[in-house]
1. Please give the total accessible area that chains B and A bury against each other, computed with a 1.4 Å probe and expressed in Å² to the nearest 100.
2. Enter the mean projected area of the convex hull around the alpha-carbon atoms of the range A:167-275, in nm², rounded to one decimal.
3. Which of the GluC sites (Glu not before Pro) found in the range A:169-277 are in a DSSP loop and have at most 14 neighbouring Cβ atoms, other than their own, within 10 Å?
4. Check the straight Cα-Cα distances from B:K196 and name the lysines below 29 Å, setting aside those fewer than 8 residues away within the same chain.
5. Taking a probe of 1.4 Å, how large is the accessible area per residue of the protein assembly as shown, in Å²?
6. If Lys and Arg each add +1 and Asp and Glu each add -1, what is the summed charge of the other residues whose beta carbon sits under 13 Å from the beta carbon of B:K190?
7. According to the Cα gyration tensor, what semi-axes, each the square root of 5 times an eigenvalue, does the equivalent ellipsoid of the range A:3-95 have, listed from largest to smallest in whole Å?
8. Under 5 Å between amide hydrogens, which residues at least 5 positions from B:V202 or on another chain qualify, with H placed 1.01 Å from N in the peptide plane?
Protein chains: 2
Amino acid sequence: MPSAPDPARLSLNTATTRAQWGLAQAIEGCARHGIRGIAPWRDKLAEMGLQEAARAIRAHDLTVTGLCRGGFFTAKNWLDDNRRAIEEAHVLGARCLVLVVGGLIPGSKDLIYARDRIRECISIILPEARQAGVPLAIEPLHPMQAADRACVNTLEQALDVCDALGDDGRSAQCALGVAVDVYHVWWDPKLEQQIKRAGKRVLAYHVCDWLVPTRDLLNDRGMMGDGVIDLKLLRTWIEAAEYAGFHEVEIFSERDWWRRDADDVLRVCKDRYLKSC
Amino acid sequence: MPSAPDPARLSLNTATTRAQWGLAQAIEGCARHGIRGIAPWRDKLAEMGLQEAARAIRAHDLTVTGLCRGGFFTAKNWLDDNRRAIEEAHVLGARCLVLVVGGLIPGSKDLIYARDRIRECISIILPEARQAGVPLAIEPLHPMQAADRACVNTLEQALDVCDALGDDGRSAQCALGVAVDVYHVWWDPKLEQQIKRAGKRVLAYHVCDWLVPTRDLLNDRGMMGDGVIDLKLLRTWIEAAEYAGFHEVEIFSERDWWRRDADDVLRVCKDRYLKSC
């Protein structure tokens, strides 16, 4: 049996309460509920203002477990946008900048080109991120989001990019690694093997659950324990890779959790993290 | 540039017209439109009656490119049901019996066990299928269907099962191979490599398209050319593996193709097969 989850390592990804709360409220909410980590999304960060957010997060001594998100290399202004994201992550002291890499080039069916291009784009921003002390975390997204959100779709593929760009996870400070979100990778027959391969390159770990049935390809994620993912098993794999970071709850849920009182949501997150993760 | 698709190798998977037609109508429809292959589903086959269906298919000299489906090893009566499916495929002279293997055991989160069990179940029915001259085609299903329909989710994984059960694709008659459905595998970074590995174990090739956005996890497939799958490229990979079988159109489409006149659907299938595949 694995050890019980450590309450001090729970983090709130603000997507979980994005329908109810701005970032200031989410920061206050985490402080109120004793949640020690937070992962802001950049739209909410912009609303609140970067400096004010940084002050509030410091005032409550929260750890920024990741900034969501950089990437989307399919966008016209991808380079400027990623530079801004790196700067923001630096100001917040974020443990990583999560890269959702983007899908096919609009109008194109060339998946191989799209994937090659992603590797090139990351290679361009990587030196700047390294200089700013902001590790980049490539997040493989579920294959059902390959066309429109991210054409990096397995952990193996993400690690191949890391390898190609020269981060094999052996240096003291990992500049390019991965974000492992259970929702995207739980189905993967090679998951245990690839988490092992990732080792210290696991920069973030996101939890939620896969509902049966799933009624929407984007916004129908479940609370931990309500679906079919064996979260306790996955935690043993992550811990075997010596991941010592936070467990970040990220739930997109149009029909359920976004409609509830956000304080209730945080209570359930804490409870389920201890019971089901 | 690859050669143009051969009109004589188009097949209709009857799921494409399942809302409009019974099997007798689909057989007549194929004959009327000069479509030379057909892949029946077993519910429609039962409605028509096996012997009558076999007679009608023979009368029109259609090739049965596959019988859908065996598998679902999670069902209580899986063994009897698969034996019946093998017998039906034998009577129809089907080129393969497609195996949709089933997902998690209801109530369980143990994906590793579910996958091990599938290998065992296939090993039990394989000798009977071999004796009946019915090749079994494991169909990897899209990862979004891992929990409830099939926990074989990549071609690599399906081929690992084939390898484990002793069919390496080198014998003259392949008894255990794979069904490659573009909808399920198009996103896979290792697709070209694994199709090459499959070689003569590709027993069926299914076409349709991936729509953006996709509004349902099961029944929102697109007509070839309406989505983002590079079907022409995939055909070059399949042909490089010396696949010489049919291209079977299988479109589950609650909102669109199931609502149209079925003769129109067949006309569009033929047209798009020539233009977009």
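1. The buried area between B and A, both sides summed, comes to about 2400 Å².
2. 7.4
3. Passing sites in the range A:169-277 are A:E242, A:E254.
4. A:K109, A:K190, A:K196, B:K232, B:K270, B:K275
5. Solvent-accessible surface per residue comes out at 39 Å².
6. -3
7. Semi-axes (√(5λ), whole Å): 24, 14, 12.
8. B:V178
The values are calculated or read from the model by the stated rules, or taken from the named source; none is laboratory data. What you see is a predicted model; the values in this text were computed from it and never measured. Every residue, glycine as well, gets a Cβ built from its backbone with ideal geometry; the counts of neighbours run over all protein chains shown. Just the protein is used for accessible areas: all its heavy atoms, side chains included, with ligands, DNA and RNA removed. Shrake-Rupley method; radii C 1.70, N 1.55, O 1.52, S 1.80 Å.
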